[in-house]
Amino acid sequence: MAAIGSFTLIQPAEWLFSTHGDVIDAKRRAEEYRQQKGSYEGAEFVIEEFVRQWILAQLVSSYRYPADWLGERITIEEPVKMGSSEKEADISIKNVNHRVFLYVEAKRRGVSDEEFREAERQLESYLASTHTATIGMITDGDRTRTVRKKIDPNDFEYIPDLPAYGLEARIKVQLVRELPDDRHQGRSTGLMILDNDYEKVLFECHSAARDADGLHADEALDEICKVIYAKIYDERTVTKQEEGTPFRFQTYGASNASEVASNIRVLYEDARTSDIEIYSKRIPGYERSRGVFKNQIKLSDAALYRVVERLQEFSLIDSKADIKGRAFQKILGPAIRAGMGQYFTPDPIVELAIRVVDPKASDLILDPFCGSAHFLTKALQYVVARQRDLTPHDLHEFKFFHLHGIEKSDRMVRIAMTDMMLHDDGHTNIRNQDALLSFDNYPDLIALRDDGVQDPAVFDIVVTNPPFGSIMKQEVMEMLGRFDLGHRKKSLPLEILGLERSLHFLKPGGKLAIVLPEHLMKGKNGLFVRKWLYGIAHIRAIFFFPEEAFTPYGAMIKTCLCIFQKHKADDRPNGGDETFLCEVENLGYDATGRAKSGSEIEAAAAAFMEQAKRQ
């Protein structure tokens with residue numbers, strides 16, 4: 001039975017919110033009833049306010065909400081915006097940010113079943129239109145129902161009762177910014193840092209979200225990305241404030257798990273708004289191409305509370321990038337096995353690609369089919385490790401302005417942006433777009449040029465693994481950008497269009513590392529592609545991989561890594577140009593994805609670099 005208990009009649013003289021217009025009017029009607037009937041008994045069957053006053057009293061006495069919340073965080077007749085119209089909720093309970101996290105609707109006693117069902121639908125519409133509110137109750141004093149909003153904001157389930165006030169928090173003190181002492185330089189928050197002992201924290205958060213809400217691993221990862229996004233925003237905001245400023249990402253001070261969840265949803269909304277406001281001024285079309293965090297956090301209150309409770313005491317901006325990167329990979333792995341393999345390039349192949357293109361901090365780098373941005377984060381790690389003499393300014397410029405990605409899936413963009421943020425940024429340059437569309441869709445890329453030419457061939461390095469297997473029909477190709485390789489073709493594999501588009505983005509003299517099906521570089525069906533390539537770029541190297549290269553990730557096709565260098569304007573194809581050919585038989589893992597000794601990646605990269613020195 002719900003803690004609200006059985007209905008009891010409260011005398012109008014004891015009613016709360018006595019100066020509110022609706023309460024004053026109800027008192028007048030109650031007095032008329034008493035004069036006619038001789039008492040207030042039975043008035044609750046006529047006047048709804050009797051039921052609302054009983055609920056208000058029970059919120060304080062049975063659910064233990066503080067009496068001093070009345071009028072401040074417990075309100076009546078709170079406006080609820082529903083599209084172009086506006087309704088008023090009978091009772092609303094607000095979080096510390098004064099945003100509603102709980103609604104209660106009252107009906108007079110004795111209403112019909114249909115009236116009660118209609119009121120329940122009204123309550124659900126309030127919850128659906130208020131993203132910070134997830135739980136609501138409706139009662140007429142005899143019947144009581146409590147509903148909770150599910151992942152779909154228009155889907156609800158019944159739960160036993162409202163959450164009461166009171167939270168047994170693991171953290172007993174408020175988390176505030178504490179300036180580090182001399183022994184801990186580099187810590188700007190005062191929170192704990194992730195190290196080898198705490199590397200599993202993100203994995204534990206992912207598991208909590210997955211298990212609490214019954215999500216698939218990839219769905220849970222998507223939600224964790226939103227939570228990380230909010231936490232990083234909170235840390236960065238607080239570090240700009242004075243010592244002692246409290247963090248918003250914490251459970252301390254909240255009345256219950258629902259309020260914690262509501263607070264985090266508000267924080268997430270603020271993070272998204274701030275991101276758009278800041279970067280829209282600098283990057284053309286930023287909101288349209290980067291607004292992937294507009295999707296609300298879909299975790300239940302219980303799941304979100306568990307994640308916050310586990311993550312709150314750790315700093316994501318003070319922890320080292322390599323630790324954070326490994327921690328994130330621990331949750332990315334299960335998601336890949338759950339069905340995201342088509343977006344994933346195995347780490348040894350990524351490592352080889354980055355080694356052979358040898359990026360510098362001065363290079364502009366693009367992955368036009370970036371998936372989880374693994375090529376970009378690996379390029380970042382490579383530059384940081386190799387160019388240790390970079391000034392803080394040069395490193396900042398590289399992270400924030402030189403690493404770019406395009407990805408069609410909004411979920412993958414959230415994952416990519418999160419991974420980039422955990423590597424200390426670059427997330428603002430991941431675009432949620434289709435790389436095959438006309439170049440009008442990339443004004444921010446063309447704006448990277450300083451010569452005013454409307455040409456997207458601006459990148460020094462393009463490194464990518466385009467999608468394989470899909471056949472693009474002629475009518476589809478006509479809706480995309482113009483492709484020479486698609487001319488007079490009724491259909492074309494997607495990877496061929498991906499190859500041409502990658503070269504479109506590459507400046508003359510620039511380097512392209514791209515994973516392709518082996519038959520394009522060997523078979524007769526790929527001859528027209530190789531002839532076209534001959535006039536566009538020099539094939540510097542081809543690394544052929546065993547069939548199990550992509551087997552652990554759901555693809556049964558032989559692949560190769562091709563390294564191209566785009567011709568400069570005055571270059572002419574030279575039949576004497578050498579191409580480095582290499583069969584990599586051992587990638588360091590088997591067909592099931594298990595580690596295997598004897599990896600040839602290091603030797604293959606070293607052999608290529610040695611030949612490059614001799615040329």
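Some notes on this structure:
- Residue list for the range 238-276, restricted to those being β-branched (V, I, T) and free of Cβ contacts under 8 Å to residues at least 24 places away in the same chain: T273, I276
- Considering only residues in the range 326-364 that are at pLDDT below 85, small (G, A, S) and open to solvent by less than 30 Å² (accessible area, probe 1.4 Å), the one that is farthest from V584 (Cα to Cα) turns out to be A335.
- Residue count for the range 280-319 satisfying the condition of being modelled with pLDDT under 90 and over 18 Å from L445 (Cα atoms): 5.
- Residue count for the range 19-43 under the criterion of being within 46 Å of the chain's Cα centre (by Cα) and loosely packed, with under 12 Cβ neighbours inside 10 Å: the result is 2.
- Members of the range 131-142 that are open to solvent by less than 50 Å² (accessible area, probe 1.4 Å) and under 23 Å from V60 (Cβ atoms): T132, A133, T134, I135, G136, M137, I138, T139, D140, G141
- The residues of the range 566-584 that are polar (S, T, N, Q) and either without any contact (Cβ under 8 Å) to a residue 24 or more places away in the chain or open to solvent by 60 Å² or more (accessible area, probe 1.4 Å) (or both) amount to a single one, N574.
- Verdict on I264 being open to solvent by less than 60 Å² (accessible area, probe 1.4 Å), outside any loop (DSSP other than H, G, I, E, B) and farther than 30 Å from I159 by Cβ: no
- Within the range 460-489, residues that are closer than 26 Å to I563 by Cβ sit with their Cβ atoms under 7 Å from residues that are at pLDDT below 70 and among the hydrophobic types (A, V, I, L, M, F, W, C), at 6+ positions apart or across chains, in these pairs: F483/M477; G486/M477.
- Taken over the range 190-232, the criterion of being β-branched (V, I, T) and open to solvent by less than 10 Å² (accessible area, probe 1.4 Å) is satisfied by V201, I224, V227, I228, I232.
- Across the range 531-551, the qualifying residues are those that are out of contact with any strand residue (DSSP E or B) (no Cβ under 7 Å at 6 or more places or on another chain) and in a helix (DSSP H, G or I), and the one among them that is most open to solvent (accessible area, probe 1.4 Å) is K531.
- Output for the range 88-114, where each listed residue is of a type in the set (D, E, K, R) and under 32 Å from the mean Cα position of the chain (by Cα): K94, R99
- Against the test of being over 29 Å from A230 (Cβ atoms), acidic (D, E) and modelled with pLDDT of 90 or more, the options D440, D394, D367, D450 yield a single qualifying residue, D394.
- When L587, L561 are screened for being touching a Phe, Trp or Tyr at 6+ places or on another chain (Cβ under 7 Å), part of a strand (DSSP E or B), touching a residue at least 24 places away in the same chain (Cβ under 8 Å) and under 26 Å from I336 (Cα atoms), only L561 passes.
- The range 408-421 - residue that is touching a residue at least 60 places away in the same chain (Cβ under 8 Å) and over 8 Å from the mean Cα position of the chain (by Cα) and, of those, nearest to A271 (Cα to Cα): M421
- Yes/no for A513 being in a loop (DSSP other than H, G, I, E, B) and surrounded by 16 or more Cβ atoms within 10 Å (Cβ to Cβ): no
The values are calculated or read from the model by the stated rules, or taken from the named source; none is laboratory data. From a predicted model like this one, the values you see are computed outputs, not experimental measurements. No Cβ is skipped: glycine too gets one built from the backbone with ideal geometry, and neighbour counts run over all protein chains shown. Accessible surface areas use protein heavy atoms only, side chains included; no ligands, DNA or RNA. Shrake-Rupley method; radii C 1.70, N 1.55, O 1.52, S 1.80 Å.
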